[in-house]
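One structure below.
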Amino acid sequence: MRKLLALVALLGLGLAQSLVVEVRGSLEEVEAKTLAALKGVGLEPDRVLNLGEQVRQVTGPGFPEYRLVVLKPDKGSVEAVSKNPMAAIVLPPTVFITGQGNKFMVGTFDGRLLFSMLQAYGGEVERLTWRLEGALGRLGIVKRLPPAMMPDPSSGMMPALMYRVPGAKVEDVVLMVETELTSHGLNLLPNVKVGPVTVIMPCKSEWARIMFLTQPAGGFAAPCRFFAMQMGSDVLVGAIEPMLMTIMPGVMGTPAVPMLQEARQVMTEILEATGGTPYRPGQ
C-alpha cells in the first residue's frame, strides 16, 4: 500500500478525487435529470436521500439543499470489493446533488484515483468508473476536483479502519455494529449486500453539517460506510478512514478537522466494541 500511495503521489494531480458538474434548474428538475442520466448509462438508482432536510431538522436552518442518490450494486461494485474489501468505503456509489436557487452541483468520486489506490481498477470496475463519468457528462461539462494533497506514504494511513473479529459470523458482527451505531446517535439505512461484503450506511447530521458546509464535494462518501466480510472463521469489519477527507481542498484548518477527529474516535470505539483487533492487509 505504501508503494502504491507513493506511485499515486508521483502521478500528481492528473487524477481527481471528485468529479463534479454544474446543472441549472430547480432541485426537482436537476434530480430528475440526474436520475435519467444514471439510468441512461446502465446505472440503477436505489434510493434518494434528502440529507439537506434531515440536517436542517436536527441542526436548524442554514444548510443548503443536499440530495444523495445511492445506486444499486452492479458488477463493478461487486468486482471491486472482491479485489479489495476496502473499496466498500464508497460502495455502492453515491451521487450527490447540492446547491440553492437555480444552480446545483452534481458529483461523485473519481474511480480512476480511488480504485487505482486500492489496486482494484480494471475490468468491470473500470467500466463502472466510465459509467459514472458518462452519466455526469450527460449533464454538462465535467470538472475534476483534485485533492489538495495526497496521503503521506510514510504515515501508514490506510483508506479504511479495519479490525479482525476471531471466531465470529458476519451476521452477528453486522448486528453488533448497527446496535453500536444506533446507541451513538447515528441514523441507519438498511444494510446492503455488495458481493461478499455487507455495507452499513450510517449518518450523523451534526457531522454532515460541518463537513459539507466546508467541502460539499465530500458527498461521494456519504452516508458514511462501515463494512463486514466473512474471512474464514473470522470476520473482517471496517469503516472509511474519516481523516482521508482532510486531503480535500479547503478542509485543513477548518472546524471540519476536529469534527473528523471526533468521528474517527467514535468509529474506532464502535469497531472495537465488536471484540476485534486492528488489522492490516497481509497479516
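The values are calculated or read from the model by the stated rules, or taken from the named source; none is laboratory data. Remember, predicted model here, so these are calculated numbers, not experimental data. Because the Cβ atoms are built from the backbone with ideal geometry, glycine has one as well, and the counts that use them run over all protein chains shown. Keep in mind that these areas ignore ligands, DNA and RNA; they rest on the heavy atoms of the full protein, side chains included. Shrake-Rupley method; radii C 1.70, N 1.55, O 1.52, S 1.80 Å.
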Considering the stretch 160-176, residues that are in a helix (DSSP H, G or I) and of a type in the set (D, E, K, R), and then whichever is least open to solvent (accessible area, probe 1.4 Å), we arrive at D172
Over the stretch 56-71, the set of residues more than 21 Å from L189 (Cα to Cα) and either out of contact with any strand residue (DSSP E or B) (no Cβ under 8 Å at 6 or more places or on another chain) or surrounded by 19 or more Cβ atoms within 10 Å (Cβ to Cβ) (or both) is G60, P61, G62, F63
Given the structure, is T179 open to solvent by 60 Å² or more (accessible area, probe 1.4 Å), modelled with pLDDT of 95 or more and among the hydroxyl-bearing types (S, T, Y)?
yes
Criterion first (open to solvent by less than 10 Å² (accessible area, probe 1.4 Å) and part of a helix (DSSP H, G or I)) does L213 satisfy it? no
Across the stretch 91-127, the tally of residues that are touching a strand residue (DSSP E or B) at 6+ places or on another chain (Cβ under 7 Å), open to solvent by less than 10 Å² (accessible area, probe 1.4 Å) and modelled with pLDDT under 95 stands at 2
Given the condition within 14 Å of S205 (Cα to Cα), under 16 Å from the mean Cα position of the chain (by Cα) and assigned to a helix (DSSP H, G or I), answer yes or no: does some residue in the stretch 35-55 qualify? yes
Wholly inside the stretch 72-146, strands (runs of 3 or more DSSP E) that include 2 or more residues that are touching a residue at least 24 places away in the same chain (Cβ under 8 Å) and not basic (K, R) are 94-100, 103-109
